[in-house]
Amino acid sequence: MANDFLTPPENPFAPFVPAAASPWDKRWASHLLRRAALGPTSAMVDKLTALSPAKAVDALLDYNPANDPFSAELDSLADFLTLSNADQVQQWWYHRMLNTTQPAQERIALYWHNHFATSASKVMDGKMLAGQIDLFRQKGLGSFRELLKSVTKDPAMLVWLDGQTNRKGKPNENYGREVMELFTLGIGHYTEQDVKEIARAFTGWQATSAGVALNPSQFDADDKTVFGVTGPLDADGAIDLILQQPAAAEHLSQKLLRAFVHPNPTQLHIDYYASRLLEHDWEIKPVLKEMLTSRLFFSDWAYRSKIKSPVELVVGAVLAMGGRAGTEFVRQQANRMGQTLLYPPNVKGWDGEQAWINSNTLLLRFNLGQRLATPSSEYITKPDLETAIKTRGAQTADEVINCLVDLFLDGRLDAQSRTDLADFMYIGPDGKTTTFAYNHNTYTTKVRPVIHMLMATPEYQLA
Amino acid sequence: MKTSRRDLLKVSLSGAAVVSIGSTIPAFLTRFALADTPATNPVARDNILVVVQLSGGNDGLNTVIPIGDDVYHKSRQVIGIKDRSLMLDDTLALNPSMTAFKELFSQGKLAVINGCGYPQPNRSHFRSMEIWQTADPINFQTSGWLGHYLDHMVRGTDQSLTAINVGSQLPTALVTDGAPVPSIQAIADFGLVADQGIIARDVAAENKLIAAMNAVREETPALQFLTRQATNAIVSAAEIHRLTNNYKPDVAYPGGLGQSLRLIAQLIAGNLGTRLYYCEIGGFDTHSAEEPQHSQLLGAVASSISAFHKDLAAKRIDDKVVVMCFSEFGRRVEQNASNGTDHGTAAPMFVSGGAVKGGLYGRYPSLADLDAGDLKYTTDFRRVYATILEKWLSADSAAVLQNSFQPMDFI
């Protein structure tokens, strides 16, 4: 018998149909929320399980990009937030993630931030980066072609990959190379000559305080020969030409599959969603919806197959615990675990998956539950899990464990660990078995350690 | 066949079952003890480099002072130092607060490399620090020179603890293309933290349960990877803590930088196989009221590094460790209107340790021949890096630095 955890499902691209053996329940709603949003909360799980899988995906992805619930708040914070400071832009982003009603929008922004990885280490101006992230919020589920054309002329990208200094007669190849190597085609699908030539097509775009504009005197209007096609190519034309290359759809298909479904998709999966991207003329949303409603996505093979990024881990934990935590605390936790938003290590973005994990980062991850559940004397808001458990009416050890396993582990934990945790809760100060009743005292002495332990399971590290 | 989760827990560190988990054998179990390698081998594979970063731009002129030069005293009417108690030769004196460094110098364990800098100096803290950390004054690099070293030289081996940054944020110098370098702020953080308000028996039970829930499992590739990493981390952390418990500093360390170096001494004494350590001390951006704060900082640097060497010497491992001290730039020759100094250029570097050939290296920049009020560098700092890479870390410096620099003689 095939091991479902190791083998992708049969008929992978058909829509997932809940059945007795695999019902549409907490497990699959949480899985969807981890991949397409910022992680499950009990309210969101309840909301999605009341819908069909397809309607649940719609509910997440059909956000209105034009509706930014934070713009008024941003204005009101103008005196406190200095968006030119990238650290404050980080905090602002965490604030959005912890409070948004459109978590998929932030999730999509995170995805493109890693795809078009741009770092404040060189861009310096936090406002430029904030603008780029907003671009991802606005256009992240639209046409990849349009997104790519916008990114090509994005101020932060112009600084990051030296578009600013890419001028007629003095081309800078940085963007021309990376747009093909990392953003669209992958290495091996273009020649060095293509890089030289296409760089000239991107000349002349400059960001100034007045905005981004093409400086005609710096644009090289002469013929270029790229992929064997000769013409007076400009930036948009270059993007169109790149996207005609067969490798382009395959490249994006693979990146989407790795980010949303499984770290190691098969060629069959890659080819299929590449063809869907072309079929939909590079529109991201319909393809992503097909992906997120497929049997492939709702499979044992895909479930818990990915390792949470630090941002997913920390933000997800805070949301699961009720959504209240100081953004500086959240930011520092994620940074120390190896993901400093707006500072990707290089233009490739974070390698992700196993690269998140080393001895130190894993121990920091294991201690996240301890830090979140421990009240702090610092000026840090911490989630109030004590009340959350009380409102759920949990009284006995088993009820408390059930409540916490529901919150953190989709209700799934092996029987041996449940027994061990309950035993831990029953042991009294004298080392003898006693009774357990949930109250403020036992929350401190027994339940907080259980929260710590549940968040230190290998399952909790997985998305 | 599956290893039982519970069985694995019962296994002691040195037991055969640790070997059965293959690649997850904690690094320290697979490496030679320091003492097993002859200390006389100049490029022994277990040589250790400790980098101390002085952040903010250290005023080199008040550190290694051209005390015999009238231009110095005229340029620094208020903050110029006249104390000649720590002369290094006929013309240069150490800042009088750096008695601990004078002692190292007299013992032949401290190399002072004067006039370190690079062409077309950048006076931005950020950019200049990046230049020092990436060893590239021209191009923006996203990984660092020590990161390159790790990528080029240590590839294929267990990198988990090959380098350790002591601090909260990883410096660019240690950014690799491969596995990320861990940052440790305190040993207490490197391990499972005990929940507050619970009794010792429950702490022990909790740690045991976390280890049990992370015992190696093989249902999926992700679980296998995580549980192996977790087992490694928990065992390593427990081992580091065990070593922490055994470690006794043989000297008293000062606070601040001293505590970072104490932690590094602890880790080195624990024989983790770590080749690179990195730590930092800030506060050198002395734009105003430079004295006495700058001298105090230098005193802390000297006494901390000196304590570190003494501690290691008492443990008979000082010959295995070299400390390199740098800052992103020096400061202007002329003091400013606030009795401080503004961003400048060249400054001395310090390299110390039992294996170092102490003395003065590099020509001291002329105060009579300035470039718009700033010193002209005489030694490209990358020569210092190349020396350490070639002669201490047995690396091909041209490959790591992506450029060829002539090694110096201080090692």
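All of the numbers you see were taken from the coordinates with simple rules; none came from a lab. Owing to the predicted nature of the structure, the values given are computational and were not obtained by experimental measurement. Positions of Cβ are generated from backbone atoms using ideal geometry, with glycine treated the same way; all protein chains shown enter the neighbour counts.
Just tell me how shielded A:330-338 is by partners: mean number of partner chain Cβ atoms within 10 Å of each residue's Cβ, no decimals.
2
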Listing B:309, A:95 by rising number of other beta-carbon atoms within 10 angstrom, fewest first, gives A:95, B:309
Computed on Cα atoms, the radius of gyration and Dmax of the protein assembly as shown in angstrom are 29.1, 91
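Test of the criteria: in segment A:338-437, which GluC sites (Glu not before Pro) are in a DSSP loop and have at most 14 other Cβ atoms within 10 angstrom of their Cβ? List each step's numbers first, then the result.
On the way: sites: A:353, A:378, A:386, A:399; in loops: A:378.
Sites meeting the loop and neighbour criteria: A:378.
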Expressed as a whole number, the average count of other chain Cβ atoms within 10 Å around the Cβ atoms of B:140-149 is 2
Counting only DSSP loop positions in segment A:163-205, the GluC sites (Glu not before Pro) whose Cβ has at most 12 other Cβ atoms within 10 Å are none
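Restricting the count to DSSP beta bridges whose residues both fall in chain B, what percent are antiparallel, rounded to a multiple of 5?
Details: 13 of 36 bridges.
Around 35 percent antiparallel, to the nearest 5.
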The helix A:26-36 Cα axis meets the longest alpha-carbon principal axis of chain A at an angle in degrees, between 0 and 90 and rounded to 10, of 30 degrees
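From other protein chains only, count the Cβ atoms within 10 Å of every residue's Cβ in B:228-240, then give the mean. Please list the in-between numbers first.
Working: counts 2, 9, 10, 0, 3, 10, 5, 1, 3, 5, 0, 0, 1.
Average per residue, whole number: 4.
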Computed over chain A, the relative contact order (Cα-Cα under 8 Å, seq sep at least six) in percent reads 19 percent
With only helices counted (DSSP H, runs n ≥ 4, each -39500 (n - 2.57)), the per-residue ellipticity at 222 nm for chain A, to the nearest 500, works out to -14500 deg cm²/dmol
Among B:196, B:53, B:224, the residue with the largest mean-square fluctuation in a Gaussian network model of chain B built from Cα contacts under 10 Å is B:196
The computed P(r) of segment B:66-147 puts the percent of Cα pairs beyond 17 Å at 63 percent
With Cα coordinates, the longest principal axis of chain A makes an angle with the long axis of helix A:246-260, in degrees rounded to 10, of 20 degrees
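Please tell me which of these pairs span more than 25 angstrom C-alpha to C-alpha: A:26/A:139; A:122/A:285; A:47/A:308?
Check vs 25 Å cut-off fails for A:26/A:139; A:122/A:285.
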Candidate cut points under GluC sites (Glu not before Pro) in segment B:203-248, DSSP loop plus at most 16 other Cβ atoms within 10 Å of their own Cβ, are B:218, B:219
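Counting pairs of alpha carbon atoms under 8 Å apart in space and at least six apart in sequence, what relative contact order in percent does chain B give?
Numbers: 783 pairs, mean separation 122.1, N = 411.
Worked out over chain B, it gives 30 percent.
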Per GNM of chain B with C-alpha springs under 10 angstrom, the most fluctuating residue out of B:327, B:75, B:260 is B:75
Per its Cα gyration tensor (rounded if a/c is under 1.5, else prolate when a/b beats b/c, else oblate), segment A:262-302 is best filed as oblate
Protection proxy (average C-beta count within 10 Å per residue), highest first, orders A:289-295, B:89-95 as A:289-295, B:89-95
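Would you calculate the convex hull of the Cα atoms in segment A:145-244 and tell me its volume per residue in Å³?
Hull volume over Cα atoms, normalised by residue count, gives 85 Å³.
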So the angle from the long Cα axis of helix A:310-320 to the longest Cα principal axis of chain A, reported in degrees to the nearest 10, equals 50 degrees
Scoring segment A:1-104 by relative contact order with C-alpha pairs under 8 Å, at least six apart, yields a percentage of 25 percent
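Rounded, prolate or oblate: which fits segment A:384-463 when a ≥ b ≥ c are the square roots of the eigenvalues of the alpha-carbon gyration tensor, with rounded for a/c under 1.5 and prolate only if a/b beats b/c? Mind dumping the intermediate values first?
Numbers: a/c = 1.84, a/b = 1.29, b/c = 1.42.
Because a/c hits 1.5 or more and a/b fails to exceed b/c, segment A:384-463 counts as oblate.
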Expressed in angstrom and rounded, the centroid-to-centroid distance over alpha carbons for segment A:443-463 and segment B:127-154 is 39 Å
Honestly segment A:345-419 on the Cα gyration tensor test (a ≥ b ≥ c root eigenvalues; a/c under 1.5 rounded, otherwise a/b vs b/c for prolate or oblate) is just oblate
